[in-house]
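In what follows, a structure is listed as structure tokens, so that the remarks can point back to it.
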Amino acid sequence: MSRVRTVLGDVRPEELGVCDAHDHLFLRSPQLPGQELNDASAARAELTAFREAGGEAVVQWTPYGMGRRAADLMELSRATGVHLVCATGLHQAAHYDPEVLGKLRGGLAEMFVSELTGGIGTSGVRAGLIKVAGGFHTLDAHARWTMTAAAEAHRATGAPIAVHLELGTGALDVLDLLCGALGVPGHRVILGHLNRSPDPVVQRRAAESGCWLAFDGPSRAHHPTDWRMPRAVRDLAEAGYGHRLLLGGDTVVAGARSVDGGPGMPYLLRRVRERLAEAVGAELVDRILTVHPGRAFAVDWT
Ligand SMILES: [Zn+2]
């Protein structure tokens with residue numbers, strides 16, 4: 001039976017409810033100094049605001065070594081009643097101390113599997129997805145290493161692989177590697193940040209692979225392309241790929257939280273939802289927020 005692996009245990013896909021399929025409650029990186037998401041009380045306030053806007057589940061894409069705070073996610077889920085899914089995986093090399101990466105050489109897939117099936121550290125929280133990242137219009141050796149390990153961990157567990165596309169680029173290179181060379185089924189791959197490089201031809205070709213297309217934001221950094229998202233979603237829906245779509249907020253820095261003056265997680269339900277309903281109808285938007293995340297993240301765990 002397929003289940004979504006949340007921080008409080010496995011749930012049936014239909015139990016997720018209204019889901020932000022790509023976001024962050026905790027995240028730190030040397031690339032974002034002073035902007036860390038590292039405050040449990042702010043995370044709780046943001047999650048409460050999301051729940052009050054009608055939200056019922058959040059998938060946190062923060063991977064290994066970037067301050068996921070798995071034990072805190074458990075407490076936050078209990079306190080707010082919002083389902084939370086936590087990731088394993090590895091981001092681009094620039095987000096890590098080279099020594100940390102050195103220690104993972106030779107054992108990356110095993111680490112992913114251990115976090116998916118055994119738990120993250122001593123928290124008892126099991127990861128429910130594997131997050132990896134591509135590069136700008138290309139895949140470097142680090143991306144190939146992490147994606148190869150992700151595919152191995154997918155084969156061992158069934159876990160879905162969620163991909164950060166750098167500035168929205170490289171989708172077809174990622175799919176050639178993951179689904180072509182490494183044999184991961186399309187429906188087990190979720191491409192993130194598609195609105196950041198809004199090429200409708202590339203998006204349609206990616207959709208043809210059977211993967212999930214995740215649109216996220218808004219974000220100050222990606223404002224020049226964020227506004228194209230309703231049109232992109234409509235084009236994909238009209239081409240017959242409405243059933244492959246996901247939505248998220250992708251709150252990456254503290255200033256983006258609603259409780260710190262940004263749009264944050266509630267914006268997805270407060271404004272994105274109704275704007276997209278104008279483009280593709282409320283029924284499809286409701287399915288994108290409820291049925292699709294259940295399908296994208298539910299696994300027959302082995
Ligand atoms: Zn993200």
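Laboratory data are not the source of any read-out in this text; all were calculated from the coordinates shown. Computed from a prediction, not measured in an experiment: that's the story for all the values here. Quick reminder, even Gly has a Cβ in these numbers, built from the backbone with ideal geometry, and neighbours come from all protein chains shown.
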Subset of region 205-229, residues in contact with a Leu (Cβ under 7 Å, 6 or more places away or on another chain) and not in a strand (DSSP E or B), comes to ARG205, ALA206, ALA207, SER209, CYS211
Please specify each residue of region 18-39 satisfying the condition of being crowded, with 16+ Cβ neighbours inside 10 Å and either free of Cβ contacts under 8 Å to residues at least 24 places away in the same chain or not acidic (Asp, Glu) (or both).
VAL18, CYS19, ALA21, HIS22, HIS24, LEU25, PHE26, LEU27, ARG28, SER29, LEU37
Could you list, in sequence order, the residues of region 59-96 that are surrounded by 22 or more Cβ atoms within 10 Å (Cβ to Cβ), of a type in the set (A, V, I, L, M) and within 16 Å of the ligand (Cβ to nearest atom)?
VAL59, MET66, LEU73, LEU84, VAL85, ALA87, LEU90
From the list VAL174, VAL201, VAL163, VAL132, which residue is assigned to a helix (DSSP H, G or I) and within 16 Å of the ligand (Cβ to nearest atom)?
VAL174
So which residues in region 1-35 are acidic (Asp, Glu) and out of contact with any Leu (no Cβ under 7 Å at 6 or more places or on another chain), if there are any at all?
ASP10, GLU14, GLU15, ASP23
Checked region 33-58 for anything within 13 Å of the ligand (Cβ to nearest atom) and out of contact with any helix residue (DSSP H, G or I) (no Cβ under 9 Å at 6 or more places or on another chain); matches are none
Filter region 186-198 down to the residues that are farther than 20 Å from GLY262 by Cβ and either assigned to a strand (DSSP E or B) or out of contact with any helix residue (DSSP H, G or I) (no Cβ under 7 Å at 6 or more places or on another chain) (or both) and list them by number.
HIS187, VAL189, ILE190, LEU191
Test for VAL259: is it surrounded by fewer than 24 Cβ atoms within 10 Å (Cβ to Cβ) and in contact with an Asp or Glu (Cβ under 6 Å, 6 or more places away or on another chain)
yes
Filtering region 232-262 down to residues that are within 16 Å of the ligand (Cβ to nearest atom) and part of a helix (DSSP H, G or I), which residue is nearest to LEU194 (Cα to Cα)?
ALA256
